[in-house]
Amino acid sequence: MFNYLAPPNAYYDFEKIYTAQQWARKQRWIIDYLTHHQPDIIGFQEVFSIDSLKELVGGQGYNYFAVVDTPEVIDDFIYKRPVVAIASKYPIIEVAAVEHDSDLAIELGLSSDFTFSRKVLRATLTLPHIGNTDCYVVHFKSKRPSIEVDEHNKELTAEKNIIEILKANVAGGWGSTIQRGSEATLLMIQMIARREATKQPMVLMGDFNNELSDGVLSHLLTSTLRFAPAFDAKTYLVKYCLNDSWDLYKKAELNRINAVNLNSTDTPDNDHSDCIVKSTENVNVEAQLIRKPTHYYGASSSVLDYILLSCEFDTGYDDSFFELSGYHTYDRHLINPEYERDDLTTDHGVVLVTLKLRS
């Protein structure tokens, strides 16, 4: 939401306050997105004005809304530490903040007072066909270094000042990485335990502040086990694993094209031409299936925002209910912005997936 805070309150310091006109434009952008794309379930990050957001989405048909934390307020009107939220057109029957295993945290070498940088929200929704489903909304620790220094220390020489900043960046960046990776690990452990207890499908969505392919978070997609009996692992592991929705969408699209090509081979006379068509179409589909970044920083870009799904949404699982029929990253405001429309939106692309019942 990129500092979603209604005026006259300020975010982070006393000068950062939206005017009434700016706030109206920010609200309008959100309404326009919801009107055009019509998502059924939404996970939000960087929410300061909880009541305002609840009222806004309620007016768009989202009768169910939840948070598990409140922002911190300093000096009466300056806000920091925004929270995550969820809105749904389907009933939310249970809401909780995920509590990590403190003993495990200590075993991992973390301090006894370790906490998530932002509380993780777990909401159990009653969805059509599939029933109660646990939806997790996260905003993992950013890459901003956890150690701060005075960047304009006049008591140091210019070179010494740069050295101190460099050391703070190296150490502080690693500190943030440890925090982010630990959050993902401890959350995944709780998700596995919850899955074992309830058997309910799982959805994990949010700003991960890291690419999943990076080793820091890659364990969220663990799908193999070392030293485990092969038959047992194959039988049971899939129920406790998460899948990147982009991978499921790509697989579904390629399967669809292959099915169409298979059905097109009507007569032996068409064998050669069909092979050419099949090969060409697969190449075209592969070329089109390029994942868009969700965040840009200078000349670089990356995918930081994800929706991960349990096996009930994977067509490779025999007992799955749904398949991915659409994957869309809304990024017009990032790559082709118009000032009046997009200057007060969000600095991330919006990831939207579409599910349909398996045919």
Subject >> Selected residue [closer than 30 Å to G43 by Cβ and free of Cβ contacts under 8 Å to residues at least 40 places away in the same chain] from V83, V98 >> reply: V83
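Residue by residue, here is whether (1) in a loop (DSSP other than H, G, I, E, B); (2) modelled with pLDDT under 95 holds:
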residue: V203; (1), (2): no, no
residue: G206; (1), (2): no, no
residue: E211; (1), (2): yes, no
residue: L225; (1), (2): yes, yes
residue: A228; (1), (2): yes, yes
residue: K234; (1), (2): no, yes
residue: D247; (1), (2): no, no
residue: N263; (1), (2): no, yes
Subject >> Exclusive hit being among the hydroxyl-bearing types (S, T, Y), over 15 Å from the mean Cα position of the chain (by Cα) and closer than 28 Å to S320 by Cβ, set T198, T177 >> reply: T198
**OP:** Report yes if Y296 is among the aromatic types (F, W, Y), within 25 Å of the chain's Cα centre (by Cα) and at pLDDT 90 or above, otherwise no.
**Re:** yes
Original post:
Among the listed residues V120, V138, which satisfies the condition of being touching a Leu at 6+ places or on another chain (Cβ under 6 Å), buried (at least 17 other Cβ atoms within 10 Å of the Cβ) and in contact (Cβ under 8 Å) with a residue 12 or more places away in the chain?
Top reply: V120
Original post:
Is one or more of the residues making up the stretch 274-283 at pLDDT below 95 and touching a Ser or Thr at 6+ places or on another chain (Cβ under 6 Å)?
Top reply: yes
Original post:
Quick one: what pairs do we get from the stretch 300-314, first residue surrounded by 20 or more Cβ atoms within 10 Å (Cβ to Cβ), second of a type in the set (D, E) and assigned to a loop (DSSP other than H, G, I, E, B), C-beta under 6 Å, 6+ apart or different chains?
Top reply: V303/E211
**OP:** List the number of the failed condition for E94; all other conditions in (1) within 25 Å of M202 (Cα to Cα); (2) in a helix (DSSP H, G or I) hold.
**Re:** (2)
Subject >> Residues located in the stretch 172-213, provided they are free of Cβ contacts under 8 Å to residues at least 24 places away in the same chain and of a type in the set (G, A, S) >> reply: A193, A197, S213
Subject >> Per-region count, the stretch 21-31, residues open to solvent by 70 Å² or more (accessible area, probe 1.4 Å) and in contact (Cβ under 8 Å) with a residue 12 or more places away in the chain >> reply: 0
**OP:** Scan the stretch 345-355 and give yes if some residue there is out of contact with any His (no Cβ under 8 Å at 6 or more places or on another chain), without any contact (Cβ under 8 Å) to a residue 24 or more places away in the chain, closer than 30 Å to S223 by Cα and open to solvent by 30 Å² or more (accessible area, probe 1.4 Å), otherwise no.
**Re:** no
**OP:** Scan the stretch 75-91 for residues that are under 23 Å from the mean Cα position of the chain (by Cα), crowded, with 16+ Cβ neighbours inside 10 Å and not in a loop (DSSP other than H, G, I, E, B) and jot them down.
**Re:** V83, V84, A85, I86, A87, S88
Original post:
Failed condition for R291, given (1) among the charged types (D, E, K, R); (2) within 20 Å of the chain's Cα centre (by Cα); (3) assigned to a strand (DSSP E or B), with all others met?
Top reply: (3)
Subject >> Cβ pairs under 8 Å, 6+ apart, first in the stretch 146-163 and within 20 Å of G175 (Cα to Cα) and in a helix (DSSP H, G or I), second among the hydroxyl-bearing types (S, T, Y) and open to solvent by 90 Å² or more (accessible area, probe 1.4 Å) >> reply: none
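The values are calculated or read from the model by the stated rules, or taken from the named source; none is laboratory data. Here the structure is a predicted model, which means the values were calculated and not measured. Cβ sites come from the backbone with ideal geometry, for glycine too, and all protein chains shown count toward neighbours. Quick note on the areas: whole protein, heavy atoms, side chains included, nothing else; ligands and nucleic acids left out. Shrake-Rupley method; radii C 1.70, N 1.55, O 1.52, S 1.80 Å.
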